[in-house]
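Novice: Can you read through this structure? Questions will come right after.
The values are calculated or read from the model by the stated rules, or taken from the named source; none is laboratory data. This structure is a prediction, so every number in the text was calculated from the model and none was measured. When we count neighbours, we look across all protein chains shown, and the Cβ atoms used for this are built from the backbone with ideal geometry, even at glycine. Protein only, heavy atoms only, side chains kept; ligands, DNA and RNA dropped before computing areas. Shrake-Rupley method; radii C 1.70, N 1.55, O 1.52, S 1.80 Å.
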Amino acid sequence: MASERIRNEEIMKKVVSAEVAANLIKDGMVIGVSGFTPSGYPKAVPLALSQRVKATGEKMKVTLYSGASVGAELDGEWAQAGIISKRMPYQTNSDLRNCINNGSTEYIDINLSVMPQLVNYGFLPKVNVAIIEALAITEEGNIIPTTAVGNAATYCDNADIIIVEINENQPLALEGIADIYTLENPPFRKPIPITHPGDRIGTPYIECKLEKIAAVVMTNMPDKTRPLAPIDETSKAISKNLIAFLENEVKEGRYGENLLPLQSGVGSVANAVLAGLCESNFKNLTCYTEVIQDSMLDLIRCGKADMVSATALSPSPMGMENFRRDFDSLKDKIVLRPQEISNNPEVIRRLGVIAMNTALEVDIYGNVNSTHVMGTKMMNGIGGSGDFAANASLTIFTTESIAKKGDISSIVPLVSHVDHTEHNVMVIVTEQGTADLRGKSPKERALAIINNCAHPDYRPQLLDYLKKAESCSGKHTPHVLCDALSWHVRFTETGTMKNKA
């Protein structure tokens, strides 16, 4: 019943169709939406707007802010309709990626913890309309989020008006899983009172002024989360190497038997790494991360994890079915926070988070490229990996040593784009092995990465490069730039160019 979801009579009068609500969006506006990787995002109103623009040819260009990636009903549809003039801070949609790389959409890729403060400080153009997916609206007009918090609270606070999509596909049992805590701007900002991933410090709803809500749309549409690839032998080997490294850290007395809170990036490799922990000897683990995927829920189910804090719940479609089935046993062990809290450097540093993220390529000195193919084409974005890599007690990057069936080495002399500098990268793990870079000089890092992480097919070439660089350049960080750059492109036997990185 709508009255279970909309608990205020005045707000009930604002229920309209998605098409009517979409009329509130005008050309040139800045739109801020809920959603994070890709869950808890609005669907009906974005679809109505794109369908109208496609049907009428209406001029419509907007700037789109989100938490992180959103589903095809928003990024994909708006990209196809040519609606998005500027996008930030993160995306994963192929249609939008094409618009970014052909120059029809301007894209600003930033660390996710930075986005809310840029909006709050007034450094970015003001949000005109916020579109927020919700479980319900309280008697006071406050908004209860669904499967993601992201930047929803920031956009609600800053927007001129708010459109709320009440998604009846999301069970009301989710109410209470969110913990909304917002920050004052300096010089009035206070320390964030989190000393354990399970600490609840806020409210289960986003505070909202009744008069700001301009329209409410009832929907029943599931999140289009991504299916995860089966865990293959390469991913298993990466997971095995990483877990062996962590076990040795415990053996050396650097961590206790339950480690410190874990952060994991998203995707199939990251999911495989966490899956390996279910078979490990670790127990009483906690997670302070961005996104809860299938394997993180499995860590709770198998008794390995006691508490998981994130900003979004984004399991695969099958994982979501299992989550709903097991919800009663999982709910008390999950907290969803705004991303300015889940990704906050202050909290990451205080908790001593162990950060585990994936790389597209790594160079021999430990610089990591997470975002660009061949240095120019955007893949997805840096996401929250920068927030964690720069502030964690231990920063680990994983990658397969080769890609494209061996045609590409993921270990290169010089990355084509730098997202994480050698200063923040402590450990590299591939299916070949592990390179611990802590306390090593550049040349020592190079030898550790080449000998432990590079694929044997490429190891001799990398060692030859390092030897040549040492003989004809500076001795601290040896490079032959022309050779390093040419590593990314080579000629095949037919004379055609082939990607090498």
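Novice: Need pairs with beta-carbon distance below 6 Å; first residue free of Cβ contacts under 8 Å to residues at least 40 places away in the same chain and under 12 Å from A148 (Cα atoms) and within the range 310-338, second open to solvent by less than 60 Å² (accessible area, probe 1.4 Å) and assigned to a loop (DSSP other than H, G, I, E, B); sequence gap 6+ or separate chains.
Specialist: From residues that are free of Cβ contacts under 8 Å to residues at least 40 places away in the same chain and under 12 Å from A148 (Cα atoms), the pairs are A310/T289; A310/E290.
Novice: Here is a follow-up. So, of the residues in the range 85-112 that are among the aliphatic types (A, V, I, L, M) and surrounded by fewer than 18 Cβ atoms within 10 Å (Cβ to Cβ), which turns out to be nearest to the chain's Cα centre (by Cα)?
Specialist: Looking at residues that are among the aliphatic types (A, V, I, L, M) and surrounded by fewer than 18 Cβ atoms within 10 Å (Cβ to Cβ), I get I110.
Novice: Another question, then. Return yes or no: is S94 in contact with a Gly (Cβ under 9 Å, 6 or more places away or on another chain), within 26 Å of M115 (Cα to Cα), free of Cβ contacts under 8 Å to residues at least 24 places away in the same chain and not aromatic (F, W, Y)?
Specialist: Yes: the conditions hold for S94.
Novice: Mind listing just one residue for me: the one in the range 398-408 that is touching a Ser or Thr at 6+ places or on another chain (Cβ under 7 Å) and part of a strand (DSSP E or B) and, of those, farthest from A448 (Cα to Cα)?
Specialist: A403
Novice: Sticking with this structure for a sec: Give me a count of the residues in the range 241-257 that are assigned to a helix (DSSP H, G or I) and not β-branched (V, I, T).
Specialist: 9
Novice: Still on this structure, please answer the following. Can you tell me which residue in the range 65-76 is farthest from D223 (Cα to Cα), limited to those that are buried (at least 24 other Cβ atoms within 10 Å of the Cβ) and without any contact (Cβ under 8 Å) to a residue 40 or more places away in the chain?
Specialist: D75
Novice: Residues being under 18 Å from the mean Cα position of the chain (by Cα), of a type outside the set (V, I, T) and under 18 Å from L172 (Cβ atoms): count how many of those fall in the range 322-350.
Specialist: Going through the range 322-350 one residue at a time, the tally reaches 1.
Novice: Residues G319, G303, G352: which one is surrounded by fewer than 17 Cβ atoms within 10 Å (Cβ to Cβ), touching a Leu at 6+ places or on another chain (Cβ under 7 Å) and of a type outside the set (A, V, I, L, M, F, W, C)?
Specialist: From the options G319, G303, G352, the qualifying one is G352.
Novice: List the pairs whose first member sits in the range 142-156 and is within 12 Å of T182 (Cα to Cα), whose second member is open to solvent by 10 Å² or more (accessible area, probe 1.4 Å) and part of a strand (DSSP E or B), and whose Cβ atoms are under 6 Å apart, counting only residues at least 6 apart or on separate chains?
Specialist: What qualifies is A153/I180.
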